[in-house]
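> First the structure, which I've put down as structure tokens, then a few questions once you've had a look.
The values are calculated or read from the model by the stated rules, or taken from the named source; none is laboratory data. Everything numeric here is computed off the predicted structure, so don't read it as measured data. Glycine also receives a Cβ, built like all others from the backbone with ideal geometry; neighbour counts cover every protein chain displayed. Note: areas computed on protein heavy atoms with side chains; ligands, DNA, RNA excluded. Shrake-Rupley method; radii C 1.70, N 1.55, O 1.52, S 1.80 Å.
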Amino acid sequence: VLNGSTQLWERLADFFLEHGCLYFYSDHIRNDKSDVIRRVVALGRPAGEALKKKVRSRDVELGQLGGLFAETVGPLLVDVVGPMQSQLIIDWIRRFIDQHLPEMLEEETYIASFCLSATNPTIWGHYADAERGFAVVYATSDGKLSVTSPIAILSGTRPSKSGSSIVEIGHYKDERLELANVKYSTKVPKVNAFIRLIPKLHYSEEEEHYDVPLLLPGDAGKKQENMIGLLKYSEWRYEREIRAFFPTHQRLAPDVRTVRVAIENIQGVIFGSKMSQENMIRTVVCCHLMKEGLGGPPSRQFMFFRARRSTDRFRLTVEPEGVLHGHYYGDHIPIRTMKDMPVEEAREMHSVAENIAAS
């Protein structure tokens, strides 16, 4: 939606009129029309004032903008270039608004989704091959995940190497990602398009010098920009989802934005209730290879659990199976089962299983 001050509507009208003139007169009329173009672009201020007067303080949806612009600015253009050329310019501007403006407003956002429920059969049905797959258990003590990438593509901040209080901004190979709760609603979040358009509008050298583009967002009514990516339709509420945003301001290929989560944030795996014995063994071996590949002593026990169907309710139970242990050779699978576990260790496994089920 668009919601802003008269100055923003004036700058937007100027932006559209200049684009429309440059396109129309450069591609359709080859002779010099600089005087006409000047007079058309000069309509930016009165056109913006007329638009603001018409919309007052209400939100204008992007889909309504083309019609609103034609209805409000069309009569002003007629007085300058006549009805025929006015209609051609307005037609081009409407196409620009409908086809190209949405592309200018797009922002690349990459999200990783996590679920707080490990016992909901609907979740297992949607995301784990109808309980034949598995779930990864992540753990965090401060609401953050540590991730790393082989290349420096993670946008972030670091204390300055000079040792002062200055903070440097850059791209790094590692970052700590905040986890945020998803909210559920029947209404979609609104974004004020002016916030994203302000850097693309035209400014004089003097305005650039005095940081006008940095001050103008205060003229745009705040909407729910901070909820983009954190608001979902209310019927997804059962997912109890939390999300982490990939820290980048550039478009990245899928393989590039694959990052490794620190092993300290991975507590274990829950086998699905219908997972085959063969796939459970493969999963244990893969986890063993992952731990061996990372090297160094394990920071915590890597745990295995099993989701099981209940005879008296739909919700699943979570039962401890064992921990990653020992070496892989021949038929020996690197897992220590509950029956071979010391009492204290077994008690901890049961406690973690209860916490997973209770969350």
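> Look through H126, H171 and report the one residue that is open to solvent by 70 Å² or more (accessible area, probe 1.4 Å), under 27 Å from I266 (Cα atoms) and in a strand (DSSP E or B).
H171
> Taking region 199-235, which residues are open to solvent by less than 40 Å² (accessible area, probe 1.4 Å), touching an Asp or Glu at 6+ places or on another chain (Cβ under 9 Å) and either of a type in the set (S, T, N, Q) or more than 30 Å from Y184 (Cα to Cα) (or both)?
L201, V212, P213
> Checking M290 against (1) over 31 Å from the mean Cα position of the chain (by Cα); (2) within 30 Å of G170 (Cα to Cα), which test does it fail?
Only one criterion is unmet by M290, namely (1).
> Turning to a different aspect of this structure: Out of all the residues in region 304-325, which are assigned to a strand (DSSP E or B) and either under 17 Å from M275 (Cα atoms) or at pLDDT below 85 (or both)?
Result: F304, F305, R306, A307, R308, T317, V318, E319, P320, E321, G322.
> Continuing with this model, one more query. Cβ contacts < 6 Å: first residue crowded, with 16+ Cβ neighbours inside 10 Å, restricted to region 336-357; second residue in a helix (DSSP H, G or I), any location; separation 6+ or different chain. Result?
Close Cβ pairs satisfying both conditions: A346/M338.
> Report, by residue number, each residue of region 20-45 that is out of contact with any helix residue (DSSP H, G or I) (no Cβ under 7 Å at 6 or more places or on another chain), in a helix (DSSP H, G or I) and either modelled with pLDDT under 75 or surrounded by 12 or more Cβ atoms within 10 Å (Cβ to Cβ) (or both).
Across region 20-45, the qualifying residues are L22, S26, D27, S34.
> Looking at region 46-98, which of the residues that are under 17 Å from S5 (Cα atoms) and touching a Gly at 6+ places or on another chain (Cβ under 9 Å) is surrounded by the most Cβ atoms within 10 Å (Cβ to Cβ)?
K52
> Further question: Condition first: in contact (Cβ under 8 Å) with a residue 40 or more places away in the chain and either open to solvent by 60 Å² or more (accessible area, probe 1.4 Å) or among the aromatic types (F, W, Y) (or both). Now tell me which residues in region 181-195 satisfy that.
If the condition is that a residue be in contact (Cβ under 8 Å) with a residue 40 or more places away in the chain and either open to solvent by 60 Å² or more (accessible area, probe 1.4 Å) or among the aromatic types (F, W, Y) (or both), then N181, K183, Y184, T186, V188, K190, F194 are the ones that fit.
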